[in-house]
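The values are calculated or read from the model by the stated rules, or taken from the named source; none is laboratory data. Note that the structure is predicted; figures quoted are calculated from it, not measured. Positions of Cβ are generated from backbone atoms using ideal geometry, with glycine treated the same way; all protein chains shown enter the neighbour counts.
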Amino acid sequence: MKQVLKKLTLVYYLIYIAAVLVAFLGFQLHRSGVIIDSQSQTGIAISSALIILIIGSIPTTLAVFNKKTKKWATEEDVAKKLGWYSKASIIRLIIVGSGFLLGILFFFLMNSQSMIFCAGISAIGLFFCKPAEVKIISELQIEEADSE
């Protein structure tokens, strides 16, 4: 249990470190003149695609993950439960985190407030994905004796 929690926490915080790096990269690209006009055809397409990605992926990812954890909770083998949970949690973090990172990048490239709002929505979604031992035990219905 502790190993799974440590791995998920590492992935979770790596996304935030990547966000800082993406913000730095976006700032440097903006300073060097790489700018996408938010009112151009390309800018509108990027904005629309990112908004659809975030609005579609966050609720879908959270709902599918919730449905799967309810299914995994019926499994007797705790090691199997934790393995499935770990893999699915990493996928969930990557999907939600990608919207966050893209929102930050395109905020700098397009200088558009809607992109920072998209990043903010994804950051809130990412907050709901934060790994915690109590959360894992509750979602997988693991007995305290089994979690050691």
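For region 76-86, state whether one or more residues are farther than 15 Å from LYS135 by Cβ, touching a helix residue (DSSP H, G or I) at 6+ places or on another chain (Cβ under 9 Å) and among the basic types (Lys, Arg).
Checked region 76-86: at least one residue is farther than 15 Å from LYS135 by Cβ, touching a helix residue (DSSP H, G or I) at 6+ places or on another chain (Cβ under 9 Å) and among the basic types (Lys, Arg).
Can you name every residue in region 12-48 that is under 17 Å from the mean Cα position of the chain (by Cα) and either at pLDDT below 95 or surrounded by 18 or more Cβ atoms within 10 Å (Cβ to Cβ) (or both)?
Taking region 12-48 and keeping what is under 17 Å from the mean Cα position of the chain (by Cα), we get 12-23.
Passing the criteria: TYR12, ILE15, ALA19, VAL22.
Return the pairs, sorted by first residue and then second, in which the second residue is small (Gly, Ala, Ser) and in a loop (DSSP other than H, G, I, E, B), the first residue lies in region 119-135 and is more than 19 Å from LEU105 (Cα to Cα), the beta carbons are less than 8 Å apart, and the residues are 6+ apart or on different chains.
GLU133/SER147
Confirm whether ARG92 is modelled with pLDDT of 95 or more and basic (Lys, Arg).
Yes; evaluated as a whole, the condition is true for this residue.
Among the residues of region 49-94, which ones are touching a Lys or Arg at 6+ places or on another chain (Cβ under 7 Å) and surrounded by 17 or more Cβ atoms within 10 Å (Cβ to Cβ)?
First, pick out the residues of region 49-94 that are touching a Lys or Arg at 6+ places or on another chain (Cβ under 7 Å): 61, 65, 72, 75, 86, 88.
Across region 49-94, the qualifying residues are THR61, PHE65, TRP72, SER86.
Only one residue in ALA145, ALA119, ALA132, ALA123 is closer than 26 Å to VAL78 by Cα, of a type in the set (Gly, Ala, Ser) and either under 18 Å from the mean Cα position of the chain (by Cα) or at pLDDT 90 or above (or both), so which one is that?
Exactly one of ALA145, ALA119, ALA132, ALA123 is closer than 26 Å to VAL78 by Cα, of a type in the set (Gly, Ala, Ser) and either under 18 Å from the mean Cα position of the chain (by Cα) or at pLDDT 90 or above (or both), namely ALA132.
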